[in-house]
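The values are calculated or read from the model by the stated rules, or taken from the named source; none is laboratory data. Predicted, not measured: the structure shown is a model, and the values here were computed from it. Positions of Cβ are generated from backbone atoms using ideal geometry, with glycine treated the same way; all protein chains shown enter the neighbour counts.
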Amino acid sequence: MTKFAWGTSTSTGQIRQANEDFFLAVDGLFIVADGMGGHQAGEVASRLAVETVREEFDSAGTDVLVAAVEKANRELVSRSIDNPDLAGMGTTLCAMALVDIGGRDAVGVVNVGDSRLYLMSDGELRQITEDHSLVATLERQGRITAAEAATHPQRNILTRALGIDGTVMVDSWEIIPVVGDRYLLCSDGLFNEVDENRISATLRQLADPGEAARELTRLANESGGRDNITCVVVDVSDDTGRDTGRDPAGRVMSAHTGGDNPVDAPTMSSAQQGADQQIKPKARRAGQSIRSRYTWRVGAFLGALLAVVLFGLGFIVWTGTNTWYVGVEGDSVAIFRGKPGGLLWIDPELSEITALPLSDIPAASLAAVTAGVEQPSQSASRRYVANLVEQHERATSTASTTSTTLASVRPTTTTSTMPE
């Protein structure tokens, strides 16, 4: 039977007025929860989640542990609906438990949010869980570095937590327990203040798990203590129940997704992994109907987005190819298909060059035609040109008539004889 030895420590920190963290450490079940939603609401959320998981974890199975976390989520949502003072409350939750796999002992791990579980094996510290936060997502996508993530102003924004929605995805792992392995469960108040090198050194130097937990809490407070701090250090003191048929160097047996078969995961031995390798879990969901609902939502959003993009492209193409304008080509007035100057990647197309020279454009219309006068159709463009021609002819005719009239008028001289 696998046996554990453990030590715990928690602190309000140097800034907060209350401790919204809550933890549980009993033989075979260890939990850390970091509440949110403000004073009282955060405390209620973390306590209720931990107590629900403890009550629901009534048999040694990873599936049972996952189901217990899902039940805790539903309890939080229900409580926040019933009590307006608790609206918006939520909590992270990270837990490890002794589970049975085919008659052999294993360590089952579950996680929602950014509380973490580390495994120290053969003197090397590894983060097993994956943070469900905005900054962690950006880092995994390569959009920011680890150094930038450590000081990012939005590092406290979670992408997943208990109590936010009626359904929740729960990450889970199964790990082979080996004597000498040391686990650390902690809230973000520790790793946001103390870097992993110092955490690792502390876990190596202090053999007593209680002393190690207290020292880590002290270091976090010494570094600023800007959040609540909780540390639970768990040592594997006896591994007689583990599966001896597996390679002892292998630690992580598998990562699971709800309703699916286990997926083989890489081992945790230093000879087989690089220092930066992460063990990627698959998220569990509370049933196929939940998966379908999420798929429908994503599909509807993508469909709507695609429709908007296609409509926009269609409008641009239509506008760029089904409009007309009267402009200038060389020394003549011309009709073009398109927009004056073009529209994005669509250049105007010369349709026809008219017989109206640039010099015959009425002065009042010259600037407009040079810039391009938009028309709704080709026939409208021709009518506009015809109107310019008519204006020119009328102006020419008027000038000619005026000249002729002036030329036909002669001055008359009258001679009168005055009597002497």
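Residues that are surrounded by 11 or more Cβ atoms within 10 Å (Cβ to Cβ), over 11 Å from Gly372 (Cα atoms) and modelled with pLDDT under 75: does the range 321-344 have at least one?
Looking through the range 321-344, at least one residue is surrounded by 11 or more Cβ atoms within 10 Å (Cβ to Cβ), over 11 Å from Gly372 (Cα atoms) and modelled with pLDDT under 75.
Within the range 324-367, count every residue that is in contact with a strand residue (DSSP E or B) (Cβ under 9 Å, 6 or more places away or on another chain) and either closer than 30 Å to Gly312 by Cβ or in a strand (DSSP E or B) (or both).
Step one: of the range 324-367, the residues in contact with a strand residue (DSSP E or B) (Cβ under 9 Å, 6 or more places away or on another chain) are 324-340, 348-358, 360-361, 365.
Now drop any that are not either closer than 30 Å to Gly312 by Cβ or in a strand (DSSP E or B) (or both), which leaves 324-329, 332-340, 348-357.
Matching residues across the range 324-367 total 25.
In the list Val66, Val109, Val77, which residue meets the criterion of being in contact with a Leu (Cβ under 9 Å, 6 or more places away or on another chain) and crowded, with 20+ Cβ neighbours inside 10 Å?
Val109
State which residue pairs qualify: first residue at positive phi and inside the range 75-94, second residue surrounded by 14 or more Cβ atoms within 10 Å (Cβ to Cβ) in any location, beta carbons under 9 Å apart, and separation of 6 or more residues or different chains.
These pairs meet every condition: Gly88/Met36; Gly88/Gly37; Gly88/Gly38; Gly88/Ala41; Gly88/Ser80; Gly88/Gly163; Gly88/Ile164.
Being surrounded by 14 or more Cβ atoms within 10 Å (Cβ to Cβ) and modelled with pLDDT under 95 narrows it down to one residue among Leu162, Leu184, Leu134; which is it?
Matching residue, one of Leu162, Leu184, Leu134: Leu134.
Name every residue in the range 218-244 that is buried (at least 20 other Cβ atoms within 10 Å of the Cβ), closer than 23 Å to Ala97 by Cα and polar (S, T, N, Q), in order of residue number.
Scanning the range 218-244 gives a single hit, Thr230.
Taking the condition surrounded by fewer than 17 Cβ atoms within 10 Å (Cβ to Cβ), within 24 Å of Leu216 (Cα to Cα) and in contact (Cβ under 8 Å) with a residue 40 or more places away in the chain, does Gln14 pass?
Numbers: surrounded by fewer than 17 Cβ atoms within 10 Å (Cβ to Cβ): yes; within 24 Å of Leu216 (Cα to Cα): yes; in contact (Cβ under 8 Å) with a residue 40 or more places away in the chain: yes.
Yes, satisfied.
Given the conditions (1) within 19 Å of Thr8 (Cβ to Cβ); (2) touching an Asp or Glu at 6+ places or on another chain (Cβ under 7 Å), report the number of the one that Glu215 does not fulfil.
(2)
Quick test of your reading of the structure: Ala67 fulfils all but one of (1) under 30 Å from Phe4 (Cβ atoms); (2) in contact (Cβ under 8 Å) with a residue 12 or more places away in the chain; (3) among the small types (Gly, Ala, Ser). Name the failing condition by number.
Every condition holds for Ala67 apart from (2).
Which pairs turn up if I take residues in the range 212-240 that are farther than 19 Å from Leu93 by Cβ and look for partners that are charged (D, E, K, R) with beta carbon separation below 6 Å, at least 6 apart in sequence or on another chain?
Ala220/Glu193; Ser223/Glu193; Gly224/Glu193; Asp235/Arg182; Val236/Asp181; Ser237/Lys3; Asp238/Lys3
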